[in-house]
Every structure is written in C-alpha cells, then in structure tokens.
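J.: Dumping the structure here so I can ask a few things about it.
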Amino acid sequence: MPVAVPAADRRQRALAAFALSFLSLALSITAFSSSYWCEGTRKVAKPFCTGQSKGHPCMDSNSPNASSSNAVQYVWEMGGDKFIDRKFHAGIWYSCEEILNEKGEKCRSFISLTPDADRGVFWLSIVAEFLYIILLLTGAILMSVEMCYCSAAIDGLKINAFSAVVTVLAGLLGMVAHMMYTTVFQMTVNLGPEDWRPHTWDYGWSYCLAWASFACCMAAAVTTINKYTKTILEFKHKRKTLARNLKVKYNFSDHTAPEKACNVYVNSFHNSTEDHAHPIKGLRQLTTISVL
C-alpha cells in the first residue's frame with residue numbers, strides 16, 4: 001500500500017529540482033562563453049637570439065647581424081633543440097595561443113580553423129548549445145512558477161509535467177551538442193591549418209563544466225518526473241481509498257456512486273489552494289457529497 005508523502009517532502013523535491021536546473025544553467029553559460037574546452041601545446045621553431053631575447057629560449061647563430069634578413073645564419077641547435085612548446089587553448093568561439101618572448105596571447109576564430117566539410121556540423125553544435133541553454137532557462141522558470149505562484153493544485157501538476165518534458169529535451173540537446181563539438185575538434189586537429197595543429201592536447205575545465213551541466217540537467221529532470229509520478233500515484237491511492245470508505249460507510253445502492261462522489265471531490269481541488277495529496281483524516285467533509 002503506498003505511503004502518504006508529506007507536503008514538506010514534496011516541496012523539498014521541488015526545491016532540489018529547481019536548484020539542479022539553475023546550477024545546470026549557470027554551468028552551461030560559463031562553459032559556452034569560455035575558451036578552455038581543449039588545452040594543449042604546439043611545437044614551434046625557436047626565434048633567433050637578439051639583444052632583447054635574454055632570459056627567453058632562442059637559437060644562437062654565428063652572425064653578428066642576426067636580425068638582418070641578408071645575413072647567413074648557422075643554427076647550432078640540432079633535432080628537437082630548435083623547437084619549443086607553445087601552449088594554446090580553444091573553445092567554441094575562438095582559439096588562443098601564447099606569444100613567444102612576449103606577454104599576452106594571440107587569438108583567432110575557431111570557426112575559421114575548422115575544415116570546410118565539418119563547418120556545417122560545427123554550426124549545428126552551436127545552435128544545439130543555444131537551444132540547450134534556452135530550454136534550461138524555460139525549465140527553471142516553470143519550476144519557480146510552480147513553487148511560488150501556482151495556487152491551484154491541478155495547475156501545479158500540469159506545470160510540473162511540462163517542466164519535466166522541457167528539462168529532458170534540454171538534456172538530450174546538450175548531450176548531442178557536446179558530442180558534435182568533440183567530433184569537430186578532433187577533425188580540426190587532423191585536418192586543420194598546419195600553423196595551428198597541436199602536438200599534444202587534452203580536454204579542459206570548460207569541457208568538464210559542460211558535461212557537469214548535462215549531469216545536473218538530467219538529475220533535475222529525474223527529480224521532477226519522480227515528484228510528478230509519486231504525486232499521481234498517491235492521488236490515485238487516495239481516490240480508491242475514499243471510494244471504498246464511502247461504499248462501506250454509506251452503503252450506496254449504486255455501485256458507481258462512490259466513484260462519482262470521488263470525482264466531485266477531486267474536481268473541487270482545481271480551485272483549492274490546499275495540498276492535493278494531504279492525508280485524509282476523516283470523511284466529514286464528504287457528508288454533502290454522500291447525498292448524491
């Protein structure tokens with residue numbers, strides 16, 4: 001037999017779903033606007049040593065006029081000694097790499113780096129990320145409306161169901177968007193411009209935030225669906241119990257009369273501000289209904 005769930009427990013689940021949805025929204029916006037989805041290094045040739053190169057890695061030459069383009073320069077470094085690792089990080093919007101012997105970074109649009117064959121998939125991932133954020137925002141707004149402004153019990157259940165559907169759709173879109181970006185980045189690493197291809201790379205903190213946002217979104221969806229399902233099951237149990245008690249206490253001649261009386265009682269919740277799943281302590285409030 002189902003056990004009545006206190007109203008405070010249902011409010012706690014609603015608050016938990018809203019908190020998870022809001023956290024997912026914040027994480028997704030942070031990840032979407034950052035450029036640390038992937039981080040790594042590129043191997044570039046060391047610049048020739050000049051007077052301003054002290055303290056920085058550079059290549060020695062035997063020419064006193066090393067900065068002149070007409071001078072013949074002999075590099076003494078051999079093999080890997082003439083290369084240096086330059087750090088870079090890339091996101092959805094742009095890719096940045098550090099400048100040798102200087103402070104700061106040089107950034108360029110990541111869209112311009114992607115191969116032409118994969119540019120369509122990349123734009124689809126951007127659109128999916130936008131829709132993911134919009135649906136998360138919609139779900140959070142619906143959950144807040146249900147908690148704060150919804151006075152009718154039946155209307156609250158409808159909003160709860162709609163917010164669960166929106167949150168589930170948001171999670172599916174977010175998963176597809178993250179996977180499409182991962183595919184595009186790997187193709188760019190293999191087929192992108194020669195002056196950008198990384199030597200080593202790995203996923204960064206923004207990529208972790210994006211998937212953490214997806215996890216929170218699905219947790220919010222599961223919590224919302226669980227709240228809706230438990231409320232419906234408890235509501236049906238109360239309805240059956242009410243019909244059985246009416247039949248025993250008032251000995252209806254019509255077998256469908258208890259059900260009709262319960263329907264009148266259920267419909268009265270539509271305009272009621274009380275909790276629709278509260279435990280029934282007695283049948284005094286159904287005295288007028290029993291006359292039916």
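The values are calculated or read from the model by the stated rules, or taken from the named source; none is laboratory data. Quick caveat: nothing in here was measured; it's all calculated off a predicted structure. Reconstructed Cβ throughout: ideal geometry from the backbone, glycine too, with neighbour counts over all protein chains shown. SASA here: full protein model, heavy atoms, side chains in, ligands and nucleic acids out. Shrake-Rupley method; radii C 1.70, N 1.55, O 1.52, S 1.80 Å.
J.: Using 1/(1 + (r/R0)^6) with R0 = 41 angstrom and r between the beta carbons of residue 155 and residue 211, what's the FRET efficiency to the nearest 0.05?
T.: Once rounded, the FRET efficiency stands at 0.75.
J.: Show me 159-165, 137-143 ranked by packing, highest mean number of other Cβ atoms within 10 Å first. Intermediate values should be presented prior to the final figure.
T.: Working: 159-165: 20.1, 137-143: 21.9.
Descending mean neighbour count gives 137-143, 159-165.
J.: Could you give the radius of gyration (one decimal) and Dmax (whole number) of the Cα atoms in the range 103-163, in Å?
T.: Gyration radius and largest Cα-Cα distance of the range 103-163: 20.0, 61 Å.
J.: Hey, another quick one. Run the quick spin-label model on residue 202 and residue 26: label points 7 Å from Cα toward the beta carbon, then report their separation in nm to one decimal.
T.: According to this spin-label approximation, the distance is 2.7 nm.
J.: Please compute the modelled spin-label separation between residue 241 and residue 144, points set 7 Å along Cα→Cβ, answer in nm with one decimal.
T.: My value for the distance between the label points is 3.6 nm.
J.: How high is the FRET efficiency from residue 124 to residue 229, r the C-beta distance, R0 45 Å, rounded to 0.05? Don't skip to the answer; put the middle values down first.
T.: Details: r = 34 Å, r/R0 = 0.75.
After rounding, the FRET efficiency stands at 0.85.
J.: Beta carbons within 10 angstrom, averaged per residue: use that to sort the peptides 13-23, 216-226, highest first.
T.: 216-226, 13-23
J.: To continue, here is another question. Report D for the range 136-239 in µm² per second (integer): Stokes-Einstein, Kirkwood Rh on Cα pairs, 4 °C, 1.567 mPa s. Spell out each step's value before the answer.
T.: Values: Rh = 16.4 Å.
The diffusion coefficient I find is 79 µm²/s.
J.: Residue 195: accessible area at probe 1.4 Å, nearest 10 Å²?
T.: The accessible area of residue 195 comes to roughly 80 Å².
J.: Something else about it: With each label point set 7 Å from Cα along the Cα-Cβ vector, what nm distance links residue 109 and residue 194?
T.: According to this spin-label approximation, the distance is 2.4 nm.
J.: Follow-up question, since we're still on this one. Subtracting the Cα-Cα distance from 0.36 nm times the residue separation, let me have the gained length for residue 33 to residue 165 in nm, one decimal.
T.: Extra length from residue 33 to residue 165 when fully extended: 44.9 nm.
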